[in-house]
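To start, the structure under review is shown below, and the notes come after it.
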Amino acid sequence: MTGSSRIGVFSDAWQPAFMKYAEIYHVDSNLTAAVIKSESKFKHTALSHRGAVGLMQLMPDTAEWIAGQIGDKSYSLENLHEPDRNIRYGTWYLAELQREFKGNDVLALAAYNAGRGNVKNWMKEKDWSYSFHDIDAIPFKETREYVRQVIGDRKKYRELYPE
């Protein structure tokens, strides 16, 4: 997607950061954009009632773990609000979930929303394989809707901004 702009579809203020980290961590930039849209509607000041922070709505404990994984010794809850850092951590986490769930975006997105432990439990209890794609089978309504929304938005972004 190099050289193209997403102006007009959403705020392009964060585009350089999500494009950079999507490339660094080998994540589809359209997927990153779709996650940001679903998580925060591109509002870097977003704070959920559960305590998730910033553009990619990271929980502080998860962000602290990510900081340790990527060797960012300057992490603090305060700087998690910084758009660049939030996008970096969130995109790294998306890449980590994609690796963990063998490239399955449905499972990775479900884990981003509901937690990797829940998804692993569902896989075990319901005998799901890594080729699982039945969004309707996801037990949490919020997670089903989230996965459906992100995948739909990614599809729209891919049509508008082919790489």
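Per-residue answers, yes or no, for (1) under 25 Å from Leu160 (Cα atoms); (2) not acidic (Asp, Glu):
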position	(1), (2)
Lys20	yes, yes
Ala34	yes, yes
Glu39	yes, no
Thr45	no, yes
Gly51	no, yes
Leu58	no, yes
Ile66	no, yes
Leu77	no, yes
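Which of (1) hydrophobic (A, V, I, L, M, F, W, C); (2) open to solvent by less than 30 Å² (accessible area, probe 1.4 Å); (3) over 16 Å from Gln69 (Cβ atoms) is the odd one out, the single condition Ala137 does not satisfy? Exception for Ala137: condition (2). You will find that of Asn113, Asn79, Asn86, Asn118, the residue that is modelled with pLDDT under 95 and either under 24 Å from Leu47 (Cβ atoms) or small (Gly, Ala, Ser) (or both) is Asn79 and no other. For Asp61, the stated conditions do not hold, so it cannot be described as touching a helix residue (DSSP H, G or I) at 6+ places or on another chain (Cβ under 8 Å) and among the acidic types (Asp, Glu). Looking at the structure I just gave you, is Ile151 open to solvent by less than 70 Å² (accessible area, probe 1.4 Å) and in contact with a Phe, Trp or Tyr (Cβ under 8 Å, 6 or more places away or on another chain)? Judged against the criteria, Ile151 is not a match.
Against the condition surrounded by fewer than 19 Cβ atoms within 10 Å (Cβ to Cβ) and closer than 21 Å to Val27 by Cβ, how does Pro162 come out, does it pass? So Pro162 passes the test.
The values are calculated or read from the model by the stated rules, or taken from the named source; none is laboratory data. Predicted model, so just to flag it, every value in this text is computed and none were measured. When we count neighbours, we look across all protein chains shown, and the Cβ atoms used for this are built from the backbone with ideal geometry, even at glycine. These accessible areas exclude ligands, DNA and RNA; they are computed on the full protein's heavy atoms, side chains included. Shrake-Rupley method; radii C 1.70, N 1.55, O 1.52, S 1.80 Å.
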